Each structure stands twice: as structure tokens, then as C-alpha cells.
1. Of everything in segment 16-26, what is touching a Lys or Arg at 6+ places or on another chain (Cβ under 9 Å) and not small (Gly, Ala, Ser)? Give them in sequence order.
2. Of the residues THR21, THR38, THR6, THR11, which single one is modelled with pLDDT of 95 or more and closer than 16 Å to ALA67 by Cα?
3. Does GLU78 satisfy being farther than 23 Å from ALA26 by Cβ and of a type outside the set (A, V, I, L, M, F, W, C)?
4. Being modelled with pLDDT under 95, under 14 Å from the mean Cα position of the chain (by Cα) and assigned to a helix (DSSP H, G or I): is that true of ALA71 here?
5. Taking into account only those residues within segment 1-60 that are under 18 Å from THR75 (Cα atoms) and among the hydrophobic types (A, V, I, L, M, F, W, C), which is surrounded by the fewest Cβ atoms within 10 Å (Cβ to Cβ)?
6. How many residues are of a type in the set (S, T, N, Q) and in contact with a Leu (Cβ under 9 Å, 6 or more places away or on another chain) if we restrict to segment 30-51?
Amino acid sequence: MDIETTLAKRTRMRRLELGKTQQQVAERINSRGTLKVTRRDISRIETGELITPHFLEDLAIALEVSAIWLASGMTAREHEQLLAGTAVAAGFG
């Protein structure tokens, strides 16, 4: 499964778990006051059309998950372990 599909699926799955519409997610992002996101933007993420949203962190906050999980499917602990392993392999650990 590629990153576009998994990001799309995780976004849709979490939105539905919260019982939110695409419009409600967009409005929640917009309520932070820094971006203007539309329902169509959320739809484009969920269909895999928009694969690197510049508002990933805001989307994660709106969906009440971490940006790491939303982008990769990894938990924060898994991400830390991956980074630690990479640092060791590069000679920094």
C-alpha cells in the first residue's frame, strides 16, 4: 500500500470515527485562523488526489491524531525507534 492510499484511508477512517463531515473538518482547521481549507481540499486528500497537504499538522489536530500517524501510520513510539535506529546506523548513537 502506498503512502497516498494510506494517508487517504487514515484521513477518511478517522473523520468517520469522529462522525464529522468533510465540511466540518475543513471548518475546524479554518477555526485556527491561519489557513483557508475547503471541503474539496479534504475530499482531495481522502481520494489520494492531494498527497502532501501543506496543512497536515492542522489536519491532524482537527482529526485529534498525531501528524506522524496520519502521514505514516506509525505511532510516536515507533517513529522515535525508527529515528534512533537511523541515528545509530549513521554513527550518531
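The values are calculated or read from the model by the stated rules, or taken from the named source; none is laboratory data. Worth saying up front: this structure is predicted, and the values here are computed from it rather than measured. Heads up, the Cβs are rebuilt from the backbone with ideal geometry, glycines too, and the neighbour counts pull from every protein chain shown.
1. Within segment 16-26, LYS20, THR21, GLN22, GLN23, GLN24, VAL25 meet the criteria.
2. Values: THR21 fails: closer than 16 Å to ALA67 by Cα; THR38 fails: closer than 16 Å to ALA67 by Cα; THR6 fails: modelled with pLDDT of 95 or more.
Every option except THR11 fails the conditions.
3. yes
4. yes
5. MET1
6. 1
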